[in-house]
Amino acid sequence: MISKKVLLFAAVCLLLSACGQKQETPEPTPSATESNAAAPSGGTSATSTDSETGQNQENGTDPAGPNDQNNNDKQNGQEQPVNLYYIDHTNNVVPLEEGAEKKVVLLTFDDGPKEKEMIDDLIDTLDKHNAKAIFFVNGYRVKEKPELLKLIHDRGQIIGNHSWDHIDLNIETEDSVRKQIEDVQNIVEDTIGEKPRFFRPPFGSVNDTLQQIVGENDMIYTTWSNDSLDWDPKNNKPEAVIQNIMDQMHPGSNILMHELPWTVEGLDELLTKLEAEGYSFVDPRTISDNPGTGN
Ligand SMILES: [Zn+2]
């Protein structure tokens, strides 16, 4: 076993060496993390969201994802993310320690992978802004197009588990819930060599059993705290998606978006606006699954 000192030393080295490449360090800004969060997140947490529901019925598969915070260690020669943030009970992203940038957002795209063109466009824009996002995928879609899962992973984005069938897990039996979750863990691992670290339930629908199974699979459970409403047909324009997000914007925003044409189209403008307002983008790999500890 590696001693804590060694780990600490490694963490410090990483911090020092990775600064240049990581974008999680934004300009320092004071912010009322929880306050603003309250509005969107309060309703957003687990129960509230029918939002992403409607349209999500599309299926998908998703593979991939590192398993533990140390997954970084597996990537030889690559920057090793240090734990800087955690996701709190209101689904906002907050710093683990004083001094870390609070004015950050987490970008997420659910219900894929669907189409290569949309994924390429999304990631081109993310790259342009040096941003990382979580792609919460559905297992059935991954099974249909495993190459798209690989594409997301190979282009350096993060894979999350969004269940196999995109069904309401709150009304499923325990066995069914476990299968919906673990089958995705397995297909992702089979496809990209890593299991997802993040789980987001379809429709934000949750119960204790589900959360327990997510925990048993060493995943971070999260819904969202800023809903783009891009799933609602009446918001099928880039401007509407951007406006919805900006209306709910607050430090720590955990932004729910989907792999949808109008969202893809509006992403560059959205990220540009966020940067202009002083927000930076959290690298999901710096989100801890152990809020009690820093590094
Ligand atoms: Zn969904």
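The values are calculated or read from the model by the stated rules, or taken from the named source; none is laboratory data. Bear in mind that the values here come from a model prediction, so they are computed numbers and not experimental data. FYI the Cβ positions are ideal-geometry reconstructions off the backbone, even for glycines, and counts take in every protein chain you see.
Among the numbered conditions (1) within 16 Å of the ligand (Cβ to nearest atom); (2) touching a helix residue (DSSP H, G or I) at 6+ places or on another chain (Cβ under 9 Å), tell me where Tyr140 comes up short. Result: Tyr140 fails condition (2) only. Of the residues making up segment 159-195, those that are surrounded by fewer than 19 Cβ atoms within 10 Å (Cβ to Cβ) and closer than 12 Å to Leu149 by Cα are Glu189, Asp190, Gly193. Within segment 90-120, the residues that satisfy the criterion of being part of a loop (DSSP other than H, G, I, E, B) and at pLDDT 95 or above are Thr90, Asn91, Asn92, Lys103, Pro113, Lys114, Glu115. Just to check your reading of the model, which residue among Leu107, Leu96 is more than 16 Å from the ligand (Cβ to nearest atom) and either within 16 Å of Arg200 (Cβ to Cβ) or among the aliphatic types (A, V, I, L, M) (or both)? Just a single option satisfies the conditions, and that option is Leu96. Condition check for Asp175 on (1) more than 18 Å from the chain's Cα centre (by Cα); (2) modelled with pLDDT under 95: one failure, at (2).
Conditions (1) among the basic types (Lys, Arg); (2) part of a helix (DSSP H, G or I), marked per residue:
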residue: His166; (1), (2): no, no
residue: Lys179; (1), (2): yes, yes
residue: Val184; (1), (2): no, yes
residue: Lys195; (1), (2): yes, no
residue: Thr209; (1), (2): no, yes
residue: Trp224; (1), (2): no, no
residue: Asp230; (1), (2): no, no
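Within segment 270-294, the set of residues being farther than 24 Å from Val82 by Cβ and part of a helix (DSSP H, G or I) comprises Leu270, Thr272, Lys273, Ala276.
Pairing residues of segment 246-275 that are of a type in the set (Ser, Thr, Tyr) with residues that are in a strand (DSSP E or B) and crowded, with 18+ Cβ neighbours inside 10 Å, at Cβ distances under 6 Å and at least 6 apart in sequence or on separate chains, gives Ser253/Val105; Ser253/Asn226; Thr263/Met257. Does segment 238-269 hold any residues that are part of a loop (DSSP other than H, G, I, E, B) and in contact with a Gly (Cβ under 7 Å, 6 or more places away or on another chain), and which are they? Passing the criteria: only Glu259. In segment 198-221, the residues that are closer than 18 Å to Gly139 by Cβ and in contact (Cβ under 8 Å) with a residue 24 or more places away in the chain form no Cβ pair under 6 Å with any partner that is away from the ligand (no atom under 15 Å from the Cβ) and small (Gly, Ala, Ser), whether six or more places apart or across chains.
Return yes when Ile255 is under 22 Å from Ile152 (Cα atoms), under 17 Å from the mean Cα position of the chain (by Cα) and buried (at least 18 other Cβ atoms within 10 Å of the Cβ) and no when it is not. So Ile255 fits the description; yes.
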